[in-house]
Each structure stands twice: as structure tokens, then as C-alpha cells.
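The values are calculated or read from the model by the stated rules, or taken from the named source; none is laboratory data. Please read all numbers here as calculations on a predicted model, not as lab measurements. Neighbour counts run over all protein chains shown; Cβ positions are idealised from the backbone, glycine included. Just the protein is used for accessible areas: all its heavy atoms, side chains included, with ligands, DNA and RNA removed. Shrake-Rupley method; radii C 1.70, N 1.55, O 1.52, S 1.80 Å.
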Amino acid sequence: MSFSKEEIAQRIAKEIKDGYYVNLGIGIPTLVANYIPKDINIVLQSENGLLGMGPFPVEGEEDADLINAGKQTITTLPGSSIFDSAMSFGMIRAQKVDLTILGAMEVSENGDIANWKIPGKMVKGMGGAMDLVASAKNIIVAMQHVNKAGESKLLSKCTLPLTGVKCIKKIVTELAVLAILPQGGFKLLERAPGVSIDFIKQSTAGKLIVEGEIPEISLN
């Protein structure tokens, strides 16, 4: 059984440590806000100018003036702060953000990421992704392992225009949790319940490294 987008977000939430300042990218990463462990104190940053972002609002309680970088309505927590984009990107470029969680179209075995443009298709812009990958201390990618045609998105070399080079540390997909090794290669750390190692190998075009027993992902 492969994971849903919500389960990918749940697994990534386990990577967040007490005291972290965390930036959530557009797409699956925005779901992480709903799964922050209750026993830790962290601050979510939205690059359009907010510290102290809360979970998504319940239906009927949305405030159209409160949005994240993906233009989704959000909530704020007590003590939150709203400011301009210059201040927001000053925080990012000064490496004040401890963890960045991004979506991706492709990731290569040496940690390159492509997540902003598909040639020939309309694009709204790269947003803050290029600043984030150039400045972030720790980047985790939340993405689908394969595309709609069943083709791998974890490659030996990205085919789409790059957002950043050698910057990704870890990936969580619907099939697995993988680390990018310094020398290159996707090291398999965990697998989704019921998903075989052979299936993950078939779904990974880049170099996959499997060592010893690979535990199933636990969301508890």
C-alpha cells in the first residue's frame, strides 16, 4: 500500500524538532502544518510574510486575508507576526530557517532538485524556491515517487530546469524514505507498509542503495 499525500506529510512531520523554524513549500509540504506533534514548540514560516502559521482552517472559518505562499487560506497562532517579503527573504537568506520542506517534480541522485518549471507549460514563477535551496541548512522533499505514467521522478540526472544543485538531504514519497548520500545515490531508509524493496527498485531510475533490513514506515 503506497502512502497518500497526507501520510507523506505525517511522516515528514516526525523530522521536525523542538525549537525549529520551518518553511513549508507549496503542495504536499503545506499539509505538514496539520501534523505537528503536540509535545514540541516550533514556528512555521510562510515566505509571503508570516511567522506563526497554524493548521488549515475548518470549512466556514476561512479568512481570505490570511494565505500562505500557495494562496491557500491558513490560520495564525497566538504570537504570530506578519511582515513584508523583504523581511521574509532576509530571514531565509540569513539562514534563520532550520528546516525547509519542498515539493519537487524531479530529484537527482546527487541531490539536485527541479521544482519550478516544465518547458512549454505556463508557470506562475519560481516563487521563493531558488532562495530557499540556496540558503537552507536542511531540505527535505515531499513528492510522488513516480509520475502519472508510472515513470520515476528519482533520477540519475534531472531532465527539467534545475532549482538547485546538490542541496537535498532527504526525500519522503508515497513508497519510501530515502537519504541522499554525500557521494551520490538514494539510500533506502524506510518503506511504506506492504511495499516491497523490489517495487521501490523498479520505481527508482537513479542509483538506489539498499543495506540490511529496511523497516516499514511508522506514523505513530
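Observations, loosely collected:
- Filter result for Gly25 (open to solvent by less than 70 Å² (accessible area, probe 1.4 Å) and at positive phi): no
- Whenever a residue of the stretch 133-151 is surrounded by fewer than 24 Cβ atoms within 10 Å (Cβ to Cβ), its partners that are aromatic (Phe, Trp, Tyr), lying with C-beta atoms within less than 9 angstrom and at least six residues away or across chains, give the pairs Ser135/Phe89.
- Any hit, the stretch 187-199, residues being within 13 Å of Asn110 (Cβ to Cβ) and of a type in the set (Phe, Trp, Tyr): no
- Some residue of the stretch 114-122 being in contact (Cβ under 8 Å) with a residue 12 or more places away in the chain, over 13 Å from Glu47 (Cα atoms) and of a type in the set (Val, Ile, Thr): yes
- Val32, sole failed condition from (1) open to solvent by 40 Å² or more (accessible area, probe 1.4 Å); (2) under 30 Å from Lys201 (Cβ atoms): (1)
- Test for Leu77: is it closer than 21 Å to Gly128 by Cα and at pLDDT 90 or above: no
- Screening the stretch 52-117 for strands (runs of 3 or more DSSP E) wholly inside it with 3 or more residues that are surrounded by 21 or more Cβ atoms within 10 Å (Cβ to Cβ) returns the ranges 99-102, 106-108.
- Per-region count, the stretch 35-48, residues surrounded by fewer than 21 Cβ atoms within 10 Å (Cβ to Cβ) and either of a type in the set (Ser, Thr, Tyr) or closer than 30 Å to Ile197 by Cβ (or both): 2
- Residues being farther than 17 Å from Lys14 by Cα and either assigned to a strand (DSSP E or B) or in contact (Cβ under 8 Å) with a residue 40 or more places away in the chain (or both) - total across the stretch 201-220: 7
- Considering residues of the stretch 156-189 that are open to solvent by less than 60 Å² (accessible area, probe 1.4 Å) and over 23 Å from Lys137 (Cα atoms) only, the residue modelled with the lowest pLDDT: Leu160
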